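The values are calculated or read from the model by the stated rules, or taken from the named source; none is laboratory data. Quick caveat, the model's predicted, so the values are computed rather than measured. Here the Cβ is made from the backbone with ideal geometry for all residues, glycine too, and neighbour counts use every protein chain on show. Please note that ligands, DNA and RNA were not included when accessible areas were found on the heavy atoms of the full protein model with its side chains. Shrake-Rupley method; radii C 1.70, N 1.55, O 1.52, S 1.80 Å.
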Amino acid sequence: MKALCWYGKRDLRVMEVPEPEILGPRDAIVQVSLSAVCGSDLHLYNGHVPSMERGDILGHEFVGTVVDVGAGVEGFRPGDRVAVPFTISCGRCFFCEREMWSLCDNSNPNAYAAEALYGYSPAGIYGYSHLFGGYAGGQAEYVRVPFADSGLLKLPEGVSDEKAVLLCDVFPTGYMAAENCSIQEGDTVAVWGAGPVGLLAMKSAFLLGAERVIAIDRFHERLGLASRFADAVTLNYEDVDVDEALRDITGGMGPDACIDAVGMEAHGKGHGRVYDAVKNKLRAETDRPTALRQAILACRKGGTVSIAGAYAGYIDKVPVGAAFNKGITIKGGQTHVQKYMPRLLDLVEDGKADPSDVITHSFGLEEGPVAYEVFKHKEDGCVKVVLRP
Amino acid sequence: MTRYEPRYPKTGKDVNVGPSERLLSVLLGGYMAARGVRKGRLGGLATALAGGYLVYRGSTGHCNLYEKIGVSTARRAIEIDESVIINRPVHELYSYWRDLGNIPEFMRHIEEVRVIDDKRSHWVASTPGGIKVEWDAEITGERENEYIAWKSLPFSDIESEGMVEFSTAPGHRGTELRVHMIYNLPGNGAAAPVQRLLAAISFRQIREELRRFKQIMETGEVPTTEGQARGRAIGE
Ligand SMILES: NC(=O)c1ccc[n+]([C@@H]2O[C@H](COP(=O)([O-])OP(=O)(O)OC[C@H]3O[C@@H](n4cnc5c(N)ncnc54)[C@H](O)[C@@H]3O)[C@@H](O)[C@H]2O)c1
Ligand SMILES: [Zn+2]
Ligand SMILES: [Zn+2]
């Protein structure tokens, strides 16, 4: 079969590889009908996540049809159309039972390595480095799905692949980011990053009762989408002083909640940019937290900073004094996808939200390397890319 | 006013129990003693006595049994204490473990455990060089749903001793499991494969073995990516 494989920083290749086989009793094999490229994939592409190996198959957002199941899989059989959550979760450990699916205790075969870096290991993730299990991803014709009986989402006929593929990661991620803000009546939520995650966090903030949502980015097309798709007030940080603008819009109080939907590769300006670039080169810092720093400083007293953007290692010059003395709550994490999939599917089916509005580009799987380049540079108004095998 | 009591008072006896094992002895002994006394029956009393002895052994650092058989874990080869919480009831874990034939399912360095009778079993470990090390072991103490202790029989290639303890974890978290294992060179010196086996056993390995035990008990399998498809560059 064909699969999109990682061969190094900015080096992806479409390879002919053997088809996946059932390895465990709770495995299923899914024939992929549509996959998507995530901002997280760009972190791998740009070489920011450690423990990638040459030949790793990428992709953690994919939908398709079950073609084979292991002896222990109940509730699914060949022919079922499914959306696969990006977090691999056993469904039976302390964390899964409490709906903390991305923290599953049992799904990372390389847990010892993650423990060395993080203290305790998060769940395995498809195509997201060996630190997260080294599982082959779904930017391929077929994919092996472990623990298939726990958390796969069966798709009703009326829901298209395009809508469904956003339920594997991005919509749940935006939704959880908004939910982590504990939104109250009258709240203003500011969102850094108007990529797919940011856009769906904006949409979700309204669904959860926000009064006003503010989008911060520098790409006109994305800010335009934030205004059209999510009804957000937009700020282009290349044109305005974000901190001042937020203060002004919120009557001098600051946003009640700030969402970082940018993550470890934030674009920076001024001193901070130079500082992070030097530290990154010296390996004294691994991630670049421009958006996170701004979010903490801008947040109102007693507010919440919700981190949806991904971080992998260490960051520097984070204003902990501001966070502490303003009594700010910080929340974040990989998304507990299985928790949100069913309710978001309901919203999609009821026509209350159509996440596929963020898809701007579609490529064949063989054009994967081009698709990554286009998405990386946000060329041609690119917001979200899907790949069809 | 309270006076500082040294935790391990000096005695005339030689210290032949290693520091972490001493701590474990004290903790486990105290636990067993309290539990045994509370139960009050004969079996309970035996537990209390055994517990009392463990406290003695831990606090003095001297083990009469070790003295008799010439073992000193103060200069032990390998000694490991690990604990893990498993989201299953005590009785399930206990009965899986007590069926010693299951042990190779999660202890990868053990190739086979053949049960000889109710107490005795034959263990085969594979060494990194591929040569096998074998020994007979017997269950030296057990209490259903509480603990299992085992030890290699005298004159084995290797001296191995272990104890696993089960207790209900708080807050509906299942079972807390504590494992204590010692591998020792036999008094008469060790053959090369035995030394190799010992060199290969580490803390991390035992932790991985317990993780596998947890995975099997909680999920029914050990998650793996071995054998999955991946790309290979031409010529790789
Ligand atoms: N928590 C999770 O489980 C989870 C799931 C999916 C994605 N993510 C992460 O979410 C983040 C966003 O993903 P995406 O798919 O939307 O990616 P994306 O690359 O399409 O979007 C990122 C956006 O952030 C903007 N940006 C960069 N620097 C900025 C700055 N300093 N201030 C404001 N905006 C800035 C970029 O212009 C871009 O529009 C990534 O870090 C990704 O890894 C996390
Ligand atoms: Zn993602
Ligand atoms: Zn789990």
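Heavy atoms only, probe 1.4 Å: what % of the accessible area of chain A goes to carbon and sulfur, would you let me know?
49
On C-alpha positions alone, give me the angle between the axis of helix A:270-281 and the longest principal axis of chain A, in degrees, nearest 10.
With rounding to tens, the tilt is 40 degrees.
Can you give the percent of C-alpha pairs in the protein assembly as shown whose distance is more than 40 Å?
40
So which lysines pass the test for A:LYS326, namely a Cα distance under 18 Å, with those fewer than 8 places away in the same chain ruled out?
A:LYS301, A:LYS317
Taking just the alpha carbons, could you work out the radius of gyration and Dmax for the range A:91-158, both in angstroms?
Every Cα atom of the range A:91-158 included, Rg and Dmax give 13.2, 45 Å.
Report the local net charge at A:LYS2: Lys and Arg +1, Asp and Glu -1, summed over other residues whose C-beta lies under 11 Å from its C-beta.
Value of the local net charge: -3.
Cα-Cα pairs above 16 Å in the range A:239-342: how many percent?
Here the long-distance tail beyond 16 Å is 61 percent of all Cα pairs in the range A:239-342.
Name the residues of the range A:1-37 whose accessible area, probed at 1.4 Å, falls by at least 50 Å² once all protein chains are in place instead of their chain on its own?
Correct list: A:LEU23.
Which of the three applies to the range B:109-201, rounded, prolate or oblate, going by the alpha-carbon gyration tensor with a ≥ b ≥ c and a/c under 1.5 meaning rounded?
The shape class here is prolate.
On a full-extension model of 0.36 nm per residue, what is the gain between A:GLN184 and A:GLU19, subtracting their alpha-carbon distance, rounded to one decimal in nm?
54.5 nm
As a test, work out the antiparallel percent of DSSP beta bridges whose residues both lie in chain A, rounded to the nearest 5.
55
Given the range A:336-388, what whole percent of its Cα pairs are spread farther than 18 Å?
Value for the range A:336-388: 48 percent of Cα pairs lie more than 18 Å apart.
Going by the alpha-carbon gyration tensor, a ≥ b ≥ c the square roots of its eigenvalues, is the range A:41-90 rounded (a/c under 1.5) or, if a/c is not under 1.5, prolate (a/b greater than b/c) versus oblate?
Because a/c hits 1.5 or more and a/b exceeds b/c, the range A:41-90 counts as prolate.
Which net charge results when you count Lys and Arg as +1 and Asp and Glu as -1 among the other residues whose beta-carbon is under 10 Å from that of A:VAL213?
Neighbour charge sum, excluding A:VAL213 itself: -1.
Run through the range A:205-311 and list the GluC sites (Glu not before Pro) located in a DSSP loop whose Cβ has at most 13 other Cβ atoms within 10 Å.
Within the range A:205-311, the qualifying GluC sites (Glu not before Pro) (loop, at most 13 other Cβ atoms within 10 Å) are A:GLU238.
Hey, could you pull the Cα Rg and Dmax for the range A:171-332, both in Å?
14.6, 46
Could you list the residues of the range A:227-250 with an amide nitrogen less than 20 Å from a label point located 7 Å from the Cα of A:HIS377 in the Cα-to-C-beta direction?
Within reach of a label on A:HIS377: no residues.
In Å², and per residue, what accessible area does the range A:171-332 have when probed at 1.4 Å with the other protein chains present?
For the range A:171-332, the solvent-accessible area averages 44 Å² per residue.
Apply 1/(1 + (r/R0)^6) to the Cβ-Cβ distance of B:PHE155 and B:TYR96, taking R0 = 22 Å, and write down the FRET efficiency to the nearest 0.05.
My answer for the efficiency is 0.15.
Mind giving me the FRET efficiency for A:VAL274 and A:ARG228? R0 is 30 Å, r the Cβ-Cβ distance, nearest 0.05 is fine.
0.25
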